[in-house]
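Visitor: Next up is a structure, given as structure tokens.
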2 protein chains.
Amino acid sequence: MTSRAIALAARPSGFPTEDDFRLIEETLAEPAEGEVLVRIHYLSVDPYMRGRMNDARSYADPVGIGQVMVGSAVGRVEKSRFDGLTEGDWVECYPGWREYAVVAGRSCRKLDPSLAPVSTALGILGMPGMTAYFGLLEIGQPKEGETVVVSGAAGAVGSVVGQIAKIAGCRAVGIAGSDEKVAWIRSLGFDAGFNYKTETDYVGAVRKAAPGGVDVYFDNVGGAISDAVIRCIKPFARISICGQISQYNLEKPEMGPRMMPILLVRQARAQGFLVFQFADRYAEGRKRMAGWLREGKLQYREQFVDGLDNAPLAFLDMLRGGNIGKQLVRVAAA
Amino acid sequence: MTSRAIALAARPSGFPTEDDFRLIEETLAEPAEGEVLVRIHYLSVDPYMRGRMNDARSYADPVGIGQVMVGSAVGRVEKSRFDGLTEGDWVECYPGWREYAVVAGRSCRKLDPSLAPVSTALGILGMPGMTAYFGLLEIGQPKEGETVVVSGAAGAVGSVVGQIAKIAGCRAVGIAGSDEKVAWIRSLGFDAGFNYKTETDYVGAVRKAAPGGVDVYFDNVGGAISDAVIRCIKPFARISICGQISQYNLEKPEMGPRMMPILLVRQARAQGFLVFQFADRYAEGRKRMAGWLREGKLQYREQFVDGLDNAPLAFLDMLRGGNIGKQLVRVAAA
């Protein structure tokens, strides 16, 4: 059988365009022993994928020109030669931007569709949710009564960070890119927030939203927004560096004010992390997050684009901040 | 009685000059109950004092114009109205740049001159030694077999950092500002080092000296040297931010390449500290350091300038990197 897929056509310099992607048709082999054929229903588009488009070895290898874009997805098993899965099972897997994929059965995580909509396995109960959970609680170490500021606050990760901060007894402040986003995060329980696109004085806006200073900064964006937040950190603050999306599409790296002198005098810590370092604790994180969801302490929002053909558009729109909550591509009707 | 002292005459913009200081004469009151009169023998000049000359509240208040420069010193008690000290006792205290001072007895630390030369209370067994000890072991968390890079490696702190790194079973690499300094740190047991003043390719020099990458970076200098070292950090590296001396004398803050994206992909941590956060553990640190000194595992070097009048020169020379090891001002002959 054949499947459509989206391959990397060219390496972008600066902001990617649709021309950097190409719709291709692949021939799929029958599943071998231990493999399953999955029909993809939901594809995830995430900021990290921009890094994979560059020809630079980072923590993971780049996607080659002509190769299918990487990414996780939720789908349904159509054929199984793996003992733990049978036809009709819902799974989360890492097949790339495809409509169908043959993957190793042990690389799939079986989902229980009665617990939560299966698409949440790519959002609040998936990688973005785990990123928020461990990145805030383990790297940021918030304590009750402290102030947590998160940038990219209306995204799949940021929106969860602020809510977990509230659960942890903190003041939650969000920075986002539209009034609608700020209104949404306020509706989630964030104590304050501002729209950086209409704000000219970032430092003043952070001071107003976090009058006592910033104890924990969960950084999704980097750049000038982070420069301002870091100016407002308190002694012994923790900066959890999760993403730097403002930097991903620069044609050449930008210069910025030096931040180490601030870390020094404030005795503060900045720590980068990739969620994979917590892989052996995902079950614990998912269990607590699912509990908070059931108790109504966590809310989430998903935004869908239909059709594999539109995956590049959905990805580019997400890079531009077009999404509120988790951006997904609905590849097949459920 | 009267005493000579050095006061701040003007706030420097950029690199300070002798004109920013003024020799003054003070009238000293008799010690009140609980106080002691100390004759200063050794004054410490340290990089942090540059920060006190600025009119900016940092972690400590600035020195006011006309006020005596702050600083620690070692001296001998001449009169005591404090139960714990008697005439002739050697003490470390925080009197500022003076020849005589009346200070609170409980602010003095009594020294045992039979254990080590009393001047070491300002160096390897004093604040710089504690800074190296806790800044490396607690903030840097070196593990056996790892590579530790230290900048300002021939200074009072850096030279000790590399030696403790060796004691901890690490490869020690030092960056310093002259061939003589590099030769000296090699003689202390550093495995490698380079002179940044004659090196044009800092990244290449770090890679050569730390071929497997950098696990711990103990940063005394900041700026372009640190940019290069941080480019060479390994996954899960720790950066202990102790000083940023390259930045202290800039007329306006300089821009630099952004470092947070590197911390992110390497899952690394940068943490600033002031040694005072470990104050309740100084006794422990001093005991271990003294033990290593006795066992010959630690060496140190002191450099003396004679006369209180020359304290500004000694300070300025130290800021320029003129010292090897600990820079002291010998105010009175011992």
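Visitor: Name the residue farthest towards the positive end of the dipole of segment B:127-276 from the options B:Gly145, B:Ile175, B:Gly256, assuming +1 on Cβ of Lys and Arg, -1 on Cβ of Asp and Glu, about the Cα centre.
Guide: Farthest along the dipole direction, towards plus: B:Gly145.
Visitor: What size of dipole, in debye to the nearest 20, comes out for chain A about its Cα centre when the only charges are +1 on Lys and Arg C-beta atoms and -1 on Asp and Glu C-beta atoms?
Guide: The dipole magnitude comes to about 1140 debye.
Visitor: Hey, another quick one. Does segment B:248-334 come out rounded, prolate or oblate, given a ≥ b ≥ c as the square roots of the eigenvalues of its C-alpha gyration tensor, rounded meaning a/c under 1.5 and, failing that, prolate meaning a/b above b/c? Walk me through the numbers on the way to the answer.
Guide: Values: a/c = 2.51, a/b = 1.27, b/c = 1.97.
Oblate, because a/c is 1.5 or more while a/b does not exceed b/c.
Visitor: Can you report the principal axis dimensions of segment A:215-278 using only the alpha carbons, biggest first, rounded to whole angstrom?
Guide: Over segment A:215-278, Cα extents along the principal axes are 34, 32, 14 Å.
Visitor: How long is the protein assembly as shown along each principal axis, judged by its Cα atoms, biggest number first, in Å?
Guide: For the protein assembly as shown, the Cα extents along the three principal axes come out at 97, 49, 40 Å.
Visitor: For segment A:127-276, what size does the Cα cloud have along each of its three principal axes, sorted from largest down, in whole Å?
Guide: 36, 34, 32
Visitor: Still on this structure, I have one more. Hey, which of these cross-link pairs are over 20 Å Cα-Cα: A:Lys181/A:Lys326; B:Lys79/B:Lys110; A:Lys252/B:Lys252?
Guide: On the way: A:Lys181/A:Lys326 13 Å; B:Lys79/B:Lys110 14 Å; A:Lys252/B:Lys252 24 Å.
From A:Lys181/A:Lys326; B:Lys79/B:Lys110; A:Lys252/B:Lys252, over 20 Å: A:Lys252/B:Lys252.
Visitor: Considering only the other residues whose Cβ falls under 14 Å of the Cβ of B:Glu138, what net charge follows from Lys and Arg at +1 and Asp and Glu at -1? Mind showing how you got there, number by number?
Guide: On the way: positive: A:Arg269, B:Lys143, B:Arg238, B:Arg269, B:Arg281, B:Arg288; negative: B:Asp280, B:Glu284.
Charge balance near B:Glu138 sits at +4.
Visitor: Place the label 7 angstrom along Cα→C-beta at A:Gly34 and in each other copy, then list the distances from the first to the rest in nm, shortest first.
Guide: For A:Gly34, the other copies' label points sit at 7.6 nm, shortest first.
Visitor: Label-point separation (nm) for B:Met1 and A:Arg294, each offset 7 Å from Cα along Cα-to-Cβ?
Guide: 7.8 nm
Visitor: Can you tell me the FRET efficiency between A:Arg207 and B:Gln67 if r is taken as the Cβ-Cβ distance and R0 is 25 Å, rounded to the nearest 0.05?
Guide: Working: r = 30 Å, r/R0 = 1.22.
Calculated value: 0.25.
Visitor: Could you work out the local net charge near A:Glu18, counting Lys and Arg as +1, Asp and Glu as -1, over the other residues with Cβ closer than 12 Å to its Cβ? Don't skip to the end; give the middle numbers.
Guide: Working: positive: A:Arg22; negative: A:Asp19, A:Asp20, A:Asp309, A:Asp317.
Here the charged neighbours net out to -3.
Visitor: Another question, if that's okay. So if each residue of separation counts as 0.36 nm, and I subtract the Cα-Cα distance between B:Arg22 and B:Glu78, what length gain in nm does that give? Can you show the working numbers first?
Guide: Working: separation 56, 0.36 × 56 = 20.16 nm, distance 2.59 nm.
Contour length minus the Cα-Cα distance gives 17.6 nm.
Visitor: Can you give the FRET efficiency for A:Leu115 and B:Asn249, using 1/(1 + (r/R0)^6), R0 = 56 Å, r = Cβ-Cβ distance, to the nearest 0.05? Don't skip to the end; give the middle numbers.
Guide: Values: r = 61 Å, r/R0 = 1.08.
Efficiency, from the Cβ-Cβ distance: 0.40.
Visitor: Compute the label-point distances linking A:Asp83 to its equivalents in the other copies; points lie 7 Å from Cα along Cα→Cβ; give nm, one decimal, shortest first.
Guide: Label-point separations across copies, in nm and ascending: 7.7.
Visitor: In chain B, which longest range has no GluC sites (Glu not before Pro) that are both DSSP loop (not H, G, I, E or B) and surrounded by at most 16 other Cβ atoms within 10 Å? Show your work: numbers first, answer last.
Guide: Numbers: sites that count: B:Glu33, B:Glu87, B:Glu144, B:Glu199, B:Glu251, B:Glu254, B:Glu295.
Segment B:88-143 is the longest.
Visitor: Taking each residue of B:270-279 in turn, how many C-beta atoms of other protein chains fall within 10 Å of its C-beta, and what is the average?
Guide: On the way: counts 11, 9, 15, 6, 5, 0, 1, 3, 0, 0.
Per residue, the number of nearby Cβ atoms from other chains is 5 on average.
Visitor: Tell me, what is the percent relative contact order of chain A, built from C-alpha pairs under 8 Å that lie six or more residues apart?
Guide: Numbers: 758 pairs, mean separation 59.7, N = 334.
Taking the mean separation of contacting Cα pairs over the length of chain A, I get 18 percent.
Visitor: Set the Förster distance to 51 Å, then compute FRET efficiency between A:Ser178 and B:Ala32 from the Cβ-Cβ distance, nearest 0.05.
Guide: Working: r = 65 Å, r/R0 = 1.27.
Here the calculated transfer efficiency is 0.20.
Visitor: Next question. Would you mind counting up the charge near B:Ser178? Only other residues with Cβ under 12 Å from its Cβ, with Lys and Arg at +1 and Asp and Glu at -1. Don't skip to the answer; put the middle values down first.
Guide: Numbers: positive: B:Lys181, B:Lys197, B:Arg320; negative: B:Asp179, B:Glu180, B:Glu199.
Result for the local shell: 0.
Visitor: With charges only on Cβ, +1 for K and R and -1 for D and E, what is the dipole size of the protein assembly as shown about its Cα centre, in debye, rounded to 20?
Guide: Numbers: 78 positive and 76 negative charges, 145 e Å.
The dipole of the protein assembly as shown has a size of about 700 debye.
Visitor: Next question. When all alpha-carbon pairs of segment A:158-212 are counted, what percent fall beyond 14 Å? Kindly include the intermediate steps, with their values, before the conclusion.
Guide: On the way: 714 of 1485 pairs.
So the portion of pairs separated by more than 14 Å is 48 percent.
Visitor: Which aspartates and glutamates have a Cα less than 14 Å from the Cα of A:Lys143, not counting those fewer than 8 places away in the same chain?
Guide: A:Lys143 reaches A:Asp215.
Visitor: Between copies, how far apart are the A:Arg57 label points? List them in nm, one decimal, shortest first, with each point 7 Å from Cα toward Cβ, please?
Guide: Sorted ascending, the copy-to-copy spacings read 5.0 nm.
Visitor: Just to confirm the filter: which trypsin sites (Lys or Arg not before Pro) across segment B:1-104 are DSSP coil and have at most 10 other Cβ within 10 angstrom of their Cβ?
Guide: Details: sites: B:Arg4, B:Arg22, B:Arg39, B:Arg50, B:Arg52, B:Arg57, B:Arg76, B:Lys79, B:Arg81, B:Arg98; in loops: B:Arg57, B:Arg81.
Those satisfying the criteria are B:Arg57.
Visitor: Further, regarding this structure: With each pseudo-label sitting 7 Å past Cα toward Cβ, what's the B:Glu138-A:Gln141 distance in nm, one decimal?
Guide: Using points 7 Å along Cα→Cβ, the separation is 1.2 nm.
Visitor: Less than 17 Å from a label point 7 Å out along the Cα-to-Cβ axis of B:Asp309: which backbone N atoms in segment B:1-30 qualify, by residue?
Guide: B:3-7, B:18-26
We did not get these values from a lab; they are worked out from the coordinates using the rules stated. Bear in mind that the values here come from a model prediction, so they are computed numbers and not experimental data. Glycine also receives a Cβ, built like all others from the backbone with ideal geometry; neighbour counts cover every protein chain displayed.
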